[in-house]
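Report on the following structure.
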Amino acid sequence: MEIKVSIQANISIQNGKTNVNEILLAIGNWSKKVGLDVCKGVIENYQKEIVTMLCNGQGEASWLRHEYKGSPGQICTGGSFHSGGTRNKERTIRTHMGELKVKMQQVVCGVCGKRFSVLLPLLKIPPRGKPTIKLQHMMAETVTDLSYRKGSSRIEGLAEVVIPKSTLHRWMTTYNWEILMDKMHTETNWKNFTGIMADGTGYKRQDADTTKGDLRLVFGVKDGPKKLIPLGAWADKSWEEIDKELLQKRPSDIQVPVLVVDGKDGQALENLTSATQRCQWHIQNQLGYFLWKDKVDKQQRESLLEKLSGIIKIKLPKSDYQEISPEMQQQVQEKLKESKKSIEDLIQSFHKKGYIAASQYLRNALEHIFTVVEKWLEIGYMPPKVISLLERVMREMGRRIKKIGASWKEKGVIAIAHVLLTRIYTPEQWEQYWVKLLDIQNRCVVKSYHISFSVISSCTIPGHY
Ligand SMILES: [Zn+2]
């Protein structure tokens, strides 16, 4: 459909006296008000037309998807509707342009009998009281740019809408920001990590017995120690709990790269990184199966697997990365070379004995068996660089969170950390997230407009010469 809008305005100017500031201010304020009024008019007229179409059986049932009456969660796409009249009450929608008050029309579904307001399903308006997506975007950015006290008045200036501090606070802490972190745990990301960095920073906690809280962050390191992908932020959680959570979020069958931690948290995330052992167990298990296929008897199988287990276990120094001596590095490198050679020998001997399936399996597995050790050597060799990067990141996050989150409780601090991490380290993800939510596909456009001016000249008004 098309909606034709006509606007007529009378603008009064004092001859010879006004200045450019007055004109900009008056017209600027007026056009903001007009913008909102036009939105309201367009929405109400669109609503009216859609209701008429649906009640005449001309529309599509999918326009008004709703829950089946009496069965929450079950979607009714009933094809016939009749008008349920207009509710006198206007609905206020909080938008980035200001508050939009819209009259709500209702329909009654001919299939399930539900009576409901048309606008919410038709325009995908957020549930009662919730700001529109664009305003939410602005709120999150404003809050993380400044303290929330300042943030509230800043939004008032930016968005022409009054959001009480408490509402802003509540919205920020109840929004599911964790979803931003979940989006980082993709297979592609994990496959490209050359390391994992973990560290903690203190923050001043409100409302608790001890005022000092502990914020912990974990990053994946991509393309060498250059690009960081935030994997999560936790307030007052133990490394053991974080470890478990990460282990669940990591896509299965992906080897966990080397962990780099700041000295004091040397033992952090043990389970996640010992997934290496799990992978090695997997190799032994698989090899056992192929040996069985090659008709090797149980006793012989067990002794071969034991031999393999002795070969692939390479102990990596775990705790202090800064203190790895060149001797220790060389030790690991030699052990790696030795192990690779032993596996080659094992493959050869399998081949000679006619264990074809087992030798093929081991040959294919060979390049993956030592990935973790190789990665460790790759990154473990330049710890000063990685550690200094980690320190810089933590300083930066600590500074910002302390500044912004000073008066936030635990939940607020995590919310701010999630938003900040995404905005700072993966800004393209942040924008994409909102673009996707906005779902802009140019399904409403202003096709043309025409403005004309006519002066009611002072010369024609008697008494004004
Ligand atoms: Zn229905």
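The values are calculated or read from the model by the stated rules, or taken from the named source; none is laboratory data. Not measured: the values here are computed from a predicted model. Neighbour counts are summed over all protein chains in view; Cβ atoms, including those assigned to glycine, are modelled from backbone coordinates with ideal geometry.
So which residues in the range 71-97 are hydrophobic (A, V, I, L, M, F, W, C), touching a residue at least 12 places away in the same chain (Cβ under 8 Å) and outside any loop (DSSP other than H, G, I, E, B), if there are any at all?
Cys76, Phe81, Ile93
Going through Ser31, Ser83, Ser62, Ser6 one at a time, which residue ends up being hydroxyl-bearing (Ser, Thr, Tyr), over 28 Å from Val455 (Cα atoms) and exposed (fewer than 14 other Cβ atoms within 10 Å of the Cβ)?
Criteria check complete, one pass: Ser62.
Tally the residues that are under 32 Å from the mean Cα position of the chain (by Cα) and within 16 Å of the ligand (Cβ to nearest atom), restricting the search to the range 38-80.
Qualifying residue count, the range 38-80: 14.
Tell me which residues, restricted to the range 98-127, are under 33 Å from the mean Cα position of the chain (by Cα), surrounded by 14 or more Cβ atoms within 10 Å (Cβ to Cβ), assigned to a strand (DSSP E or B) and more than 16 Å from the ligand (Cβ to nearest atom).
Once the filter is applied, which keeps residues that are under 33 Å from the mean Cα position of the chain (by Cα), surrounded by 14 or more Cβ atoms within 10 Å (Cβ to Cβ), assigned to a strand (DSSP E or B) and more than 16 Å from the ligand (Cβ to nearest atom), the range 98-127 yields Gly98, Leu100, Val102.
Could you say whether any residue in the range 88-97 is surrounded by fewer than 13 Cβ atoms within 10 Å (Cβ to Cβ) and within 16 Å of the ligand (Cβ to nearest atom)?
no
Restricting attention to helices (runs of 4 or more DSSP H) lying wholly within the range 158-262, give those where 1 or more residues are polar (S, T, N, Q) and at pLDDT 75 or above.
Result: 165-174, 187-192, 239-249.
Please list, ordered by first then second residue, the pairs with beta carbon atoms under 9 Å, 6 or more apart or interchain, first in the range 105-116 and at positive phi, second more than 10 Å from the ligand (Cβ to nearest atom) and small (Gly, Ala, Ser).
If the second residue must be more than 10 Å from the ligand (Cβ to nearest atom) and small (Gly, Ala, Ser), the pairs left are Gly113/Gly70.
Every residue in the range 422-431 that is over 9 Å from the mean Cα position of the chain (by Cα), in a helix (DSSP H, G or I) and not aromatic (Phe, Trp, Tyr), please.
Arg423, Ile424, Pro427, Glu428, Glu431
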